[in-house]
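**Q** My structure is below; once you've seen it, I'll send some questions.
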Amino acid sequence: MKSVLPWVAKTFTPNYFKLAKDQQAIQMVTISFSHYCELAVWALEKGGKKLVEHDYAPGQHALPVMRVRVYDRERHFSQSSRLMGVKEKETLENCGVPLTEEERKKSKRRDAAARATAVPVAVLPDGRVLTDSWELAEFSGLPSIPPDLKVLLDNELGPLNRQAVYSIMLKPANIQLFHRLCTTNRHWLFRSFWHAYLGNYVIKIMKKVFRPFDEVAVTKCKGSLQQTFDRLDRLVADRKGTYLLGDELSLADIALASLAAPILLPPLYCGGKFTAQFQELYLSDPDARGEIDKWRSTITGQYVMKLYADHRVERA
C-alpha cells in the first residue's frame, strides 16, 4: 500500500511541478475552506505573487497533495500546523501517562499520514516545494510575524477555532449545508461519489478527530478559545499603530485574521467563495448565530472583521 498510493497519485493527478514551470506561477494545493490555506493564499496575493490555487474538498485533496509531498524519492512533509485529534492532544497533555511502544508506533504512523496529506502545499516555478501555510506566507515578502505570536496562532487559535467550528457545522441540522460546502462547483462525478460514499466517510473521521458532540471536549475547547481571544484582545488593544506591528499591514495581521475567521465568518473569508453557505448557516441556526455574534463582538473579532472588509479581495 505504501508504494501503491504514490503511484496512483502520480498517475491520476496533475503534475504540479511541470505546471509551475510552464506557467511560471506558484501551484498551490488546498482544501478550499481551510483557514490555514486562507492564510497562505491571502498572504501570497497581498504580496503580489502569481498563484494558481487547486482547491479540493476534504478527502478529495489526499492524492493531489501526495503528488507533491511524495515526489519520486523526495519527501516534502509539513513541519507545522499538524492536525491533531482531541483525544491524542489530551493524551500528550497528560505527561504523567507515558505512551506504550504500540501507542508510539501508532502515533508515528498517524503523524506520517497527516503530514503526507496536510494542506496547503505548493510548488514554485523553480521546482522548490513550500510545505505549509507559514512557509508560503513568509514567501509573500510581507513584513514577518513575531515568533511568540506565530506560536499562539498556530498552536492555539487555529486548532481551537477549527474544533469549535466543526461542533457547529457537523450538527445534524447543519450537515446538509456541510455537504453543499464540499460539493458546490465540483464535477458531477465527484458529487455522486461524495454523496454515495466519501462524504459520510470524511464526516465519520472528522467526528472521531474533533469529537463535536462530546460536551466535555467542546466546553473545554470553547473555554480555551476564550482564553486565547482574551490574550489577543489585549494584543490588539495595545497596538501602537493602525495594525499590529505599526502602520503597515503585515503577516501578523493576515495570520490573525485568517486563523480567527472560521468562528467569525467574515463575508470575504476565502475570498467570498462561500459567502452564501456561511450566510445560510448564520441565518438558519440560532445557536450558531449566537456564537458568531459573541466572537464578533470581541476586540479581536471587530479588528478581524475590519481587516477583511478593508484588505481581502473577492475571488472568482
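The values are calculated or read from the model by the stated rules, or taken from the named source; none is laboratory data. From a predicted model like this one, the values you see are computed outputs, not experimental measurements. FYI the Cβ positions are ideal-geometry reconstructions off the backbone, even for glycines, and counts take in every protein chain you see. Accessible surface areas use protein heavy atoms only, side chains included; no ligands, DNA or RNA. Shrake-Rupley method; radii C 1.70, N 1.55, O 1.52, S 1.80 Å.
**Q** Given a Förster radius of 35 Å and the C-beta distance between residue 101 and residue 7 as r, what FRET efficiency does 1/(1 + (r/R0)^6) yield to the nearest 0.05?
**A** 0.65
**Q** Give me the one-decimal nm value for the distance between modelled label points at residue 22 and residue 315, 7 Å along each residue's Cα-to-Cβ direction.
**A** For residue 22 paired with residue 315, the spin-label model returns 2.2 nm.
**Q** Same structure again: Roughly how many Å² is the accessible area per residue of the chain, as a whole number, for a 1.4 Å probe? Walk me through the intermediate numbers first.
**A** On the way: 15710 Å² over 316 residues.
For the chain, the solvent-accessible area averages 50 Å² per residue.
**Q** Let a ≥ b ≥ c be the square roots of the eigenvalues of the Cα gyration tensor of the stretch 223-301; is it rounded (a/c under 1.5), or, if not, prolate (a/b larger than b/c) or oblate?
**A** Cα axes put the stretch 223-301 in the oblate bin.
**Q** Label points 7 Å out from Cα along the Cβ direction at residue 190 and residue 234: separation in nm?
**A** 4.4 nm
**Q** If the only charges are +1 at each Lys and Arg Cβ and -1 at each Asp and Glu Cβ, what is the size of the charge dipole of the stretch 27-76 around the Cα centre, to the nearest 20 debye?
**A** That gives a dipole near 180 debye.
**Q** Given R₀ = 22 Å, what would the calculated FRET efficiency be for residue 289 paired with residue 180, taking r from the Cβ atoms and rounding to 0.05?
**A** So the FRET efficiency works out to roughly 0.75.
**Q** Taking only the Cα atoms of the chain, how large is their convex hull per residue, in Å³?
**A** Taking the convex hull of the Cα positions in the chain, it is 144 Å³ per residue.
**Q** Continuing with this model, one more query. Hey, quick one: spin label on residue 170, modelled 7 Å out along Cα-Cβ, who in the stretch 209-253 has an amide N within reach, i.e. under 15 Å?
**A** What the label zone holds, given the 15 Å backbone N cut-off, is 209-222.
**Q** Specify which residue in the list 300, 265, 290 is farthest towards the positive end of the charge dipole of the stretch 265-316, using unit charges on the beta carbon of Lys, Arg (+1) and Asp, Glu (-1), about the Cα centre.
**A** Of the options given, the answer is 300.
**Q** Just to be sure I follow the rule: in the stretch 151-258, considering lysines 8 or more places apart or on different chains, how many pairs have Cα atoms under 28 Å apart?
**A** For the stretch 151-258, qualifying lysine pairs total 11.
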